[in-house]
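Take a look at the structure below.
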Amino acid sequence: MRWQHLFAGALVWAALAVAPAQAEPSVEDVPLKDWAVGILAADWRDSDGAPIDAFENARRDLAKAFADVGFNPDNITHMSLRPRELGGFSLRSSEVFSAFEQQAQSAQAGCLLYFTSHGVPEGMVLGGEGLLSPDKLNGLVSQWCGERPTVVVVSACYSGVFIPVLAAPNRLVMSAARPDRSSFGCGAGMIYPVFDNCVLDSLIDADDFVHLASLTRQCVALRERQQRLWPPSEPQARIGVDVDDLFVFLNFERNQ
């Protein structure tokens, strides 16, 4: 399926429509198997500090799901800040970020970076280390990925604050919520955060990243209505002008 995207700076799902036949992709287009993927579960606690599994479950199953749609498992680095005594790795964020940078140096076609955690209006929680601000994350993404095609997903409350800072011509940025809204599903007994669950479910039918953003937003809205979660989180997305056509051709390919 081919999708006609919005002009630069517009929200991805505002005007998705079937597009007419398009020219062949340029020689610069590259398959997903040559992309670097970094996934971080950046916290392991609920709002009361008790251990939860939702972020860990998302990290593990997102890695498998992205491999299933065409990313090379050897190019996927998925890590956690959960302490070793709780089944994690006991890593510092600096070690995780170093691993993501090494992965990006190894697979240089593009970058997919996915962060799942709690959030506040100032940024995303990095375990016991404090917050990762939008400016800090933008600097890291630029350092790791440069000008190559890049997808950044921030799954956390208030994660819309990352959108305007991370937005760039070579990036598609997705967030789990508006800058002034919470997301849901990060409590005890939850298998995944709602947004991450919807990404997993939407990957089954999505044709590409832009389609994934649209399907995920629809899924989140439906589940929040069904579960009477209020106010709605309203996930956000923005696509850069340099990658809107590229992502039309860079379709997901399921492993047989």
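Some points to look at:
- Of all DSSP beta bridges in the chain, antiparallel share, percent nearest 5: 35
- Mean sequence separation of contacting Cα pairs (under 8 Å, at least six apart), scaled by the length of the chain, corresponds to a relative contact order of 23 percent.
- Net dipole in debye of the range 127-212 [+1 Lys, Arg Cβ; -1 Asp, Glu Cβ; about Cα centre; nearest 20]: 260
- In nm, spacing of pseudo-spin labels at Gln227 and Val120 (7 Å Cα→C-beta vector): 2.4
- Working from label points 7 Å from Cα in the Cα-to-Cβ sense, the Arg254 to Ile191 distance is 1.8 nm.
- As a rough footprinting exposure proxy, the listed residues Phe249, Phe195 were ranked by other beta carbons within 10 Å of their own, and the order from fewest upward is Phe249, Phe195.
- Neighbour-count ranking [beta-carbon atoms within 10 angstrom, fewest first] of Arg223, Arg228: Arg228, Arg223
- About the Cα centre, charge dipole magnitude for the chain (Lys/Arg +1, Asp/Glu -1 at Cβ), debye: 500
- The chain - mean residue ellipticity at 222 nm from DSSP helices (-39,500 (n - 2.57) per run, n ≥ 4, rounded to 500): -9500 deg cm²/dmol
- For the chain, cysteines whose Cβ has no other cysteine Cβ within reach (under 4.7 Å): Cys157, Cys186
- Listed from fewest to most Cβ neighbours within 10 Å, the set Trp44, Trp230, Trp144 follows the order Trp230, Trp144, Trp44.
- The long axis of helix 134-145 is offset from the longest Cα principal axis of the chain by roughly 50 degrees.
- In degrees, nearest ten, helix 54-68 long axis to first principal axis of the chain (Cα): 20
- Nearest 10 degrees, 0 to 90: helix 93-106 Cα axis against the chain principal axis: 20
- By average C-beta atoms within 10 angstrom, highest first, the peptides 130-139, 179-188: 179-188, 130-139
- Cut-off of 10 Å, at most 16 other beta carbons, DSSP loop: longest stretch of the chain lacking such GluC sites (Glu not before Pro): 148-252
- Cα extents for the chain along the principal axes, largest to smallest and rounded to whole angstrom: 53, 42, 38.
- Sparse-neighbourhood loop sites, chymotrypsin sites (Phe, Trp or Tyr not before Pro) in the range 56-135 - DSSP loop, at most 15 other Cβ within 10 angstrom: Phe89
Read-outs throughout are calculated quantities, based only on the coordinates presented, and are distinct from any laboratory measurement. What you see is a predicted model, and the numbers here were worked out from it, not measured in a lab. Reconstructed Cβ throughout: ideal geometry from the backbone, glycine too, with neighbour counts over all protein chains shown.
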